[in-house]
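Reading through the structure tokens given below for one structure.
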Amino acid sequence: MALTLQMNRGLSQCKNYHWIKGHWPAIHNALHHPVLYGSSYRRPGVPPDNTALWKKIDFSFTNGLKNLKKHLGLMMKEAADHLKGPEGKPLRNYLLEQTDVVWEFRRPEDLQNWVVSSDAEIGGKSQAFLKLGNNNQTALFYGVLNSEVPRDGETKHSGYCTLRSKARKGSFNRVLPYDWSKFNTLHLRVRGDGRPWMVNIQSEMYFSANWDDLYNYFLYTRGGPYWQDVKIPLSKFFMTSRGRIQDGQYPLWPDKITTLGFTLGDRADGPFQLEIDFIGLCRDEAHTEEFAYELYKSPPL
């Protein structure tokens with residue numbers, strides 16, 4: 001967006017030679033080294049990557065044809081599913097459906113839909129791993145939490161591990177959000193070690209200022225050998241931005257869900273594990289709450 005504004009201003013004032021001469025370094029840097037949102041972070045001590053964006057693109061004609069064939073096939077499948085019914089299901093089944101299992105872990109391929117991260121990306125010492133559990137029927141997220149702050153002179157806090165699902169992609173790499181509008185409760189079957197976790201849900205955002213917004217709620221595991229079925233109403237999720245609870249709260253958009261994740265950051269150094277059987281949704285007819293938190297209206301200007 002900043003690049004577009006600079007180019008528009010430059011076009012509107014291109015007749016002014018002194019203006020071009022004074023602003024040419026900024027225009028040159030914007031054209032050859034554009035800053036993309038989400039990629040501006042640089043780990044302390046790592047030199048910046050000044051490679052031009054166009055040099056990172058692979059202009060392979062063979063790969064282009066192969067990808068075009070792949071995405072055209074996906075587009076045809078999406079069109080056939082749309083004609084069949086919502087989300088590729090017959091309309092009758094879609095309307096009568098009361099539960100739905102979104103993620104389960106029965107094959108190694110199921111783990112490819114998830115991303116593991118930790119403070120090791122910013123120089124921390126935590127470690128996190130993901131593998132199939134016993135009898136290949138569950139997913140085991142485990143590792144070691146370490147809240148020691150790296151000595152780089154810039155990082156102030158450390159000590160977190162995160163498991164997050166990948167966004168579902170359609171033809172031509174379009175993000176296909178999940179439609180959970182007919183459900184009102186998140187259903188998890190987990191087995192933890194007694195630690196408190198944070199469940200994170202992200203919905204599709206249209207403005208760059210909201211790309212860091214997440215909806216969170218707490219998951220308290222009991223520990224021990226027994227499984228626990230956790231049901232969290234979607235109305236209980238509160239909005240945060242970069243870990244900070246926002247004063248202005250807004251309900252979650254259940255028809256625009258992109259990712260779901262789990263975060264551990266209780267500052268209790270040591271090993272951890274969270275075993276997940278499935279992640280699903282259900283509709284609780286007894287739950288009629290729309291949103292659990294107060295909504296503040298901005299005063300008129």
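The values are calculated or read from the model by the stated rules, or taken from the named source; none is laboratory data. Here the structure is a predicted model, which means the values were calculated and not measured. Glycine also receives a Cβ, built like all others from the backbone with ideal geometry; neighbour counts cover every protein chain displayed. Just the protein is used for accessible areas: all its heavy atoms, side chains included, with ligands, DNA and RNA removed. Shrake-Rupley method; radii C 1.70, N 1.55, O 1.52, S 1.80 Å.
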Open item on the list: Please determine whether any residue of the range 47-56 is part of a loop (DSSP other than H, G, I, E, B), touching a helix residue (DSSP H, G or I) at 6+ places or on another chain (Cβ under 8 Å) and in contact (Cβ under 8 Å) with a residue 12 or more places away in the chain.
Closed with: yes
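Condition test on Ser171, is it over 24 Å from Leu145 (Cβ atoms) and buried (at least 17 other Cβ atoms within 10 Å of the Cβ)?
Answer is no for this residue.
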Task: Candidates Leu91, Leu74, Leu11, Leu68 - the one that is modelled with pLDDT of 80 or more, open to solvent by 90 Å² or more (accessible area, probe 1.4 Å) and aliphatic (A, V, I, L, M) - done: Leu91
TODO: Exactly one condition in (1) more than 24 Å from Gly143 (Cα to Cα); (2) small (Gly, Ala, Ser); (3) surrounded by 16 or more Cβ atoms within 10 Å (Cβ to Cβ) is not met by Gly261; state its number.
DONE: (1)
- [ ] Those residues that are under 17 Å from Val101 (Cα atoms), of a type in the set (Val, Ile, Thr) and touching an Asp or Glu at 6+ places or on another chain (Cβ under 8 Å), I need them from the range 162-214; list them, please.
- [x] Thr185, Val190
TODO: Please state which one of Asn200, Asn135 is assigned to a strand (DSSP E or B) and either over 19 Å from Pro254 (Cα atoms) or not hydroxyl-bearing (Ser, Thr, Tyr) (or both).
DONE: Asn200
Task: Of all residues in the range 224-241 being open to solvent by 20 Å² or more (accessible area, probe 1.4 Å) and over 20 Å from Tyr293 (Cα atoms), the one that is nearest to the chain's Cα centre (by Cα) - done: Val230
